[in-house]
Protein chains: 2
Amino acid sequence: MPIYNAPNKDIQFVLHDLLKVSEQDIPGFDDLDRDFTSAVVEEAGKVASEVLHPLNVVGDTEGCVMENGVVRTPTGFKEAFEQMKEGGWTAMDCDPEYGGQGLPYVMHTAAQEPFVSANMAFNMYQGLTHGAYSAIYAHGSDEQKQKYLPKMVSCEWTGTMNLTEPHCGTDLGLMRTKAVPNDDGSYKISGQKIFISAGEHDMAENIIHLVLAKIQGGPEGIKGVSLFIVPKFMVNDDGSLGARNGVACGKIEEKMGIHGNSTCVMNYDEATGYLVGEEHKGMRAMFTMMNEARLGVGLQGYAQAESAYQNAVAYANDRLQGRDVTGAKNPDGPADPLIVHPDIRRNLMDQKSFVEGARAFTFWGAYLIDRAHKNQDAEADGLISLMTPVIKGFLTDKGFEYATAAQQVYGGHGYIEEWGMSQYARDARIAMIYEGANGVQALDLVGRKLALDGGKHVMAFFEMIKTFIKENEGNEALNKDFLTPLKAASKDLQAAGMYFMQNATKPNNALSGSYDFMHMMGHVCLGLMWARMAKAAMEALEGGASDTEFYETKIATGRYYMARQLPATAMHLARINTGGDTIMALEAANF
Amino acid sequence: MPIYNAPNKDIQFVLHDLLKVSEQDIPGFDDLDRDFTSAVVEEAGKVASEVLHPLNVVGDTEGCVMENGVVRTPTGFKEAFEQMKEGGWTAMDCDPEYGGQGLPYVMHTAAQEPFVSANMAFNMYQGLTHGAYSAIYAHGSDEQKQKYLPKMVSCEWTGTMNLTEPHCGTDLGLMRTKAVPNDDGSYKISGQKIFISAGEHDMAENIIHLVLAKIQGGPEGIKGVSLFIVPKFMVNDDGSLGARNGVACGKIEEKMGIHGNSTCVMNYDEATGYLVGEEHKGMRAMFTMMNEARLGVGLQGYAQAESAYQNAVAYANDRLQGRDVTGAKNPDGPADPLIVHPDIRRNLMDQKSFVEGARAFTFWGAYLIDRAHKNQDAEADGLISLMTPVIKGFLTDKGFEYATAAQQVYGGHGYIEEWGMSQYARDARIAMIYEGANGVQALDLVGRKLALDGGKHVMAFFEMIKTFIKENEGNEALNKDFLTPLKAASKDLQAAGMYFMQNATKPNNALSGSYDFMHMMGHVCLGLMWARMAKAAMEALEGGASDTEFYETKIATGRYYMARQLPATAMHLARINTGGDTIMALEAANF
């Protein structure tokens, strides 16, 4: 049975030592003092460990089952969902007008991490609802908000996002689902949507589907896509439930992982739908919530790696195998624990330094979202737009890589389902695919975000690194182990950006390097996070912090990342500089 | 339903253009002319595509089932196994004295690849038997050989390898399984072995278990381990089957993949066993077959990537999504096929250039094994010993990475089991673990093989690269795109070797870089293979070969590998040069 303990201390470190949330001039942030966040984070961690984590393997083993159109979630999910609702965990950052607690998004993110680490498939029921809430909140009419949001905030009703169709995922302009106007202002929605997470289940009395469809007679392609609310059960004006709507789950998919979440084929047969926002502006409505959704998926990536890492550490301390080459560490035992071996440590340090860096990066992203939304800060908005594909693409690629690396520590036992390590890898795998496959994230980054607003945001990012280095290069310890490698990596990243600019007229040269650029930028971002965290830890030690071991470990972990991971940027740059010729050389038939 | 077509043309290219097998001065190789190998390879490919491949998904879905101690293999496996036996596919490189065909190991390897690509789990029943055959062939008495080998060559009886116990895998010195001498020269074997592939099943009338155990009173630890034959059914002197022996399958494991192969807990309860070779020399008997076994696992790695790649190419050509940024390639269709997009091509070229390089590397390894065994060539033996951990570790890491990358091309469909791409990744995953986890391969390479015979073999390898570069640097096309990057990568590898030598007294510094070194050496080996293949392809084109497209594609694919993959060596070197300090910095309690 795998273990999970929420990393409360590290979450607090990121919130307070790194981001200094309670000192920020953002509405609501002054409430986030150490005691308050500690109480929330500890309680979330407790729920995660005690309620959600024990159901993780159950969800994987049982999966969801569909019988006579009814989808049954795994044993215990329903009860756990009730507990989440009762605890108010579904409403943290939602608007108090609709029953939410109005907390900052960064606080929501800090509480989400343990839930996702403990049981990713379970948490998606709530996560999708949150996404649907955000879309209606941003684009729905007052009437729609009043009608749907209170029950979605409380998760009495859950939500879904319906984008993909059998023949189109990334290229939604090919969409075929149709919307035909009714006389009363509503629409008849017909078509088939696939890969709909939480599309049908038994944990809520109603499901509010958000559906992209084309209104007949509208513009061709992506410009003719509109967003609709399609409730499973019609909602009467008094809020009571009416007739069943013309939407049904056709089947649930057998997947590699996240078995506890029902992934549905949804069939719409003249279902009644209500337009959200303007006609043909459905994609815009989707885009406004994309930063949050993609940050949430990036979090899934590293949160699975965190869980897998905790187990790998436990196993490495427990399993006796071989001897330390420099002398027995457990001379009275039959062998030393795995953790004495350098290559096991190399593996664990890779995991640890990634997860902690990724946590800082993700929370920083959430903080930028707060700054953008609550302060109408355009710079923060531009920066998080730039970072979003990196958070999503890099953290999920690496999250899967390290969940797999943690599995490797177990040797043969890692491959046996009973030990639970396979599930972390299988669950983490989806995060690289959904919410825009990672190749699409790289395309978004290089093809769109770099040049956005005249390249202003990426320049601001470079400037931020430069300023940080300049301000701190007098700090010798920081300079040698952190600033010097950060400077080199940032220089590589700028050189790659320069290459793309010089090749603006040859888009294949730039796009051939997009994936490398995304990873390179991921390393630079984590490098920046580590340099900042090291500085914060050094300051804490200088300030006489009592938990010296924690801060010293933090600095040592950062040193590892800078020394062993940042050299990857030079490799990515070398690849990018080879351009597109070798990539585009073959005729399609010769693959 | 996934596809699979054996890459006959490429297999022939490696055998004849690259290795020039029929021109080699090795007994049996002069039979390997193009017509003969083509006939064998094509027929193997046909069996793979038509018989084994259709059972791959069946095996994954049904798995093996144990009822009342009987293990039932998936539907169709038994019939397919009969076909393999009838076709003589189980006997290719075995000694004719015991019913084999006596073909070179490289030919066996060339025929194995399609079998493994088509159905890895199925092929393991035969693969394990082959391993057990080799151990008995090398170390058994004449009587044992006469008694067991003919039926094992024909696969009427299958074989297993019993090493791992619940508390020990890598560190077999901790073994508890006991052997107590009987009066008649046999032994009573008692203990539990786990992860025994093909330990129990319904496809053979008898199963010959090779079991490592400790004879009571023998030396402590690994030096007291002996090897035993423990048949499931006792074998009478006339070859007929006698009573059931005291060995039984306790349970079969639920695994992440290779569901079609039964992975068994085997319980030995005073089972009758027969010593193979000398007392306490069990590990030596194991080691002699390790090169072959590990090469076979390396082959599994790239063979799964090959299958996954073929499907990814088909999907990329088929699926219409988005438009070529340089202008529509399918203007009459609703969108262009995925393969127009640079990042999809980047991904497919990664896969293609790896698989073809890996095939060459593996076949070259098999050829070295032939040279070592059939010519008693000590240099070849030293070289393959050096290469074995690289073939196993690098090719299985990359094989899994690229099976996963192929899955990514499918977007959401890649995560749905129905499409078959998940299975390639899940099956490939085990190859990184069994037959010595890849971290152990890296340790073997850096801790043992580099220094073997005074470092003679690694020096010979460097010399081989140097000579090849020197002999060909007049060839301008080869020099620019192939020899120059190979020289740089080889220089990185030598620098890493130098670092290890300088740190001989600080073993943690060397071992901290072992994994990076293994990957670095993998890239140099594939770089060497690609340089040689490019030269062979250029010569074929100069010689007026008719299939110019094949050879030009080969050169272009090699150019990709050299340009985009070889820069990894500099990153690995940079990591290695940071030594062990950042890796060993933390106390175990601070992970």
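The values are calculated or read from the model by the stated rules, or taken from the named source; none is laboratory data. Owing to the predicted nature of the structure, the values given are computational and were not obtained by experimental measurement. Note that each Cβ is placed from the backbone with ideal geometry, even for glycine, and that neighbours are counted across all protein chains shown.
So here's what we get for this one:
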{"read-out": "Failed item, numbered, when B:Thr326 is tested on (1) of a type outside the set (A, V, I, L, M); (2) under 18 Å from B:Val409 (Cβ atoms); (3) within 14 Å of chain A (Cβ to nearest Cβ)", "value": "(2)"}
{"read-out": "Test: residue in region A:377-392 that is basic (Lys, Arg) and more than 17 Å from the chain's Cα centre (by Cα)", "value": "no"}
{"read-out": "Breaking point among (1) under 30 Å from the mean Cα position of the chain (by Cα); (2) under 30 Å from B:Arg176 (Cβ atoms), for A:Phe354", "value": "(2)"}
{"read-out": "Flag if B:Leu55 is in a helix (DSSP H, G or I) and closer than 19 Å to B:Lys374 by Cα", "value": "no"}
{"read-out": "Residue within region A:272-291 that is in contact (Cβ under 8 Å) with a residue 40 or more places away in the chain, outside any loop (DSSP other than H, G, I, E, B), under 28 Å from the mean Cα position of the chain (by Cα) and closer than 27 Å to A:Tyr402 by Cβ present", "value": "yes"}
{"read-out": "Every residue from region A:332-350 that is small (Gly, Ala, Ser) and either more than 7 Å from chain B (Cβ to nearest Cβ) or assigned to a helix (DSSP H, G or I) (or both)", "value": "A:Gly333"}
{"read-out": "Selection status of B:Leu395, more than 9 Å from chain A (Cβ to nearest Cβ) and either at pLDDT 95 or above or over 18 Å from the mean Cα position of the chain (by Cα) (or both)", "value": "yes"}
{"read-out": "Answer residue from region A:240-260, given it is closer than 20 Å to A:Met421 by Cα and assigned to a loop (DSSP other than H, G, I, E, B) and is farthest from the other protein chains (Cβ to nearest Cβ) among those", "value": "A:Gly260"}
{"read-out": "Top-ranked residue in region B:511-521 [being within 10 Å of another protein chain (Cβ to nearest Cβ) and closer than 11 Å to B:Arg575 by Cα; ranked as farthest from the chain's Cα centre (by Cα)]", "value": "B:Ser512"}
{"read-out": "Residue in region A:458-502 that is surrounded by the most Cβ atoms within 10 Å (Cβ to Cβ), counting only those that are of a type in the set (S, T, N, Q) and assigned to a helix (DSSP H, G or I)", "value": "A:Ser490"}
{"read-out": "Residue in region A:214-224 that is closer than 27 Å to A:Ser154 by Cα and not aliphatic (A, V, I, L, M) present", "value": "no"}
{"read-out": "Subset of region A:189-219 (residues that are among the hydroxyl-bearing types (Ser, Thr, Tyr) and within 14 Å of chain B (Cβ to nearest Cβ))", "value": "A:Ser197"}
{"read-out": "Hits in region A:170-195 (condition: in contact (Cβ under 8 Å) with a residue 60 or more places away in the chain and touching a helix residue (DSSP H, G or I) at 6+ places or on another chain (Cβ under 9 Å))", "value": "A:Thr170, A:Leu172, A:Ile194, A:Phe195"}
{"read-out": "Test result for B:Met562, at the interface with chain A (Cβ under 9 Å from one of its Cβ atoms) and crowded, with 24+ Cβ neighbours inside 10 Å", "value": "yes"}
{"read-out": "Matching residues, region A:503-520, being out of contact with any Ser or Thr (no Cβ under 9 Å at 6 or more places or on another chain), assigned to a helix (DSSP H, G or I) and of a type in the set (A, V, I, L, M, F, W, C)", "value": "A:Ala510, A:Leu511, A:Phe517, A:Met518"}
{"read-out": "Of all residues making up region A:128-142, the number that are under 25 Å from A:Ser49 (Cβ atoms) and in contact with a helix residue (DSSP H, G or I) (Cβ under 6 Å, 6 or more places away or on another chain)", "value": "1"}
{"read-out": "Some residue of region B:271-280 being closer than 30 Å to B:Ile369 by Cα, surrounded by fewer than 19 Cβ atoms within 10 Å (Cβ to Cβ) and acidic (Asp, Glu)", "value": "yes"}
{"read-out": "Qualifying residue in region B:87-106 (condition: at positive phi and over 22 Å from the mean Cα position of the chain (by Cα))", "value": "yes"}
{"read-out": "Top-ranked residue of region B:169-188 - restricted to ones that are within 14 Å of another protein chain (Cβ to nearest Cβ) and more than 23 Å from the chain's Cα centre (by Cα), ranked as surrounded by the fewest Cβ atoms within 10 Å (Cβ to Cβ)", "value": "B:Arg176"}
{"read-out": "Selection within region A:442-457 - among the charged types (D, E, K, R) and either in contact (Cβ under 8 Å) with a residue 24 or more places away in the chain or surrounded by 13 or more Cβ atoms within 10 Å (Cβ to Cβ) (or both)", "value": "A:Asp444, A:Lys449, A:Asp453, A:Lys456"}
{"read-out": "Residue in region B:162-171 that is modelled with pLDDT under 95 and not in a loop (DSSP other than H, G, I, E, B) present", "value": "yes"}
{"read-out": "Among the candidates A:Gly412, A:Gly439, residue that is facing chain B (nearest Cβ under 10 Å), over 30 Å from B:Asn503 (Cβ atoms) and free of Cβ contacts under 8 Å to residues at least 24 places away in the same chain", "value": "A:Gly412"}
{"read-out": "In region A:537-580, the residues that are assigned to a helix (DSSP H, G or I), touching a residue at least 60 places away in the same chain (Cβ under 8 Å) and either closer than 28 Å to B:Glu552 by Cβ or outside the structural domain of A:Met521 (by TED's automatic domain parsing) (or both)", "value": "A:Arg575, A:Ile576, A:Asn577"}
{"read-out": "Candidate set: region B:406-432, residues that are surrounded by 24 or more Cβ atoms within 10 Å (Cβ to Cβ) and among the aliphatic types (A, V, I, L, M); chosen: the one farthest from A:Ser422 (Cα to Cα)", "value": "B:Val409"}
{"read-out": "Whichever residue in region B:197-208 is under 30 Å from A:Pro334 (Cβ atoms) and out of contact with any His (no Cβ under 8 Å at 6 or more places or on another chain) and, among such residues, is surrounded by the fewest Cβ atoms within 10 Å (Cβ to Cβ)", "value": "B:Ser197"}
{"read-out": "One residue from A:Ala360, A:Ala378, A:Ala303 being among the aliphatic types (A, V, I, L, M), surrounded by fewer than 22 Cβ atoms within 10 Å (Cβ to Cβ) and more than 25 Å from B:Leu174 (Cα to Cα)", "value": "A:Ala378"}
{"read-out": "Selection within region A:5-23 - touching a residue at least 24 places away in the same chain (Cβ under 8 Å) and either part of a helix (DSSP H, G or I) or among the polar types (S, T, N, Q) (or both)", "value": "A:Asn5, A:Asn8, A:Lys9, A:Asp10, A:Ile11, A:Gln12, A:Phe13, A:Val14, A:Leu15, A:Asp17, A:Leu18, A:Val21"}
{"read-out": "In region B:133-166, residue surrounded by the most Cβ atoms within 10 Å (Cβ to Cβ) [restricted to those that are under 29 Å from B:Pro7 (Cα atoms) and in contact (Cβ under 8 Å) with a residue 60 or more places away in the chain]", "value": "B:Val153"}
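Residue-by-condition table, conditions (1) among the small types (Gly, Ala, Ser); (2) not in a helix (DSSP H, G or I):
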| residue | (1), (2) |
| --- | --- |
| A:Gly365 | yes, no |
| A:Ala372 | yes, no |
| A:Asp381 | no, no |
| A:Lys392 | no, no |
| A:Ala405 | yes, no |
| A:His413 | no, no |
| A:Ile433 | no, yes |
| A:Val440 | no, no |
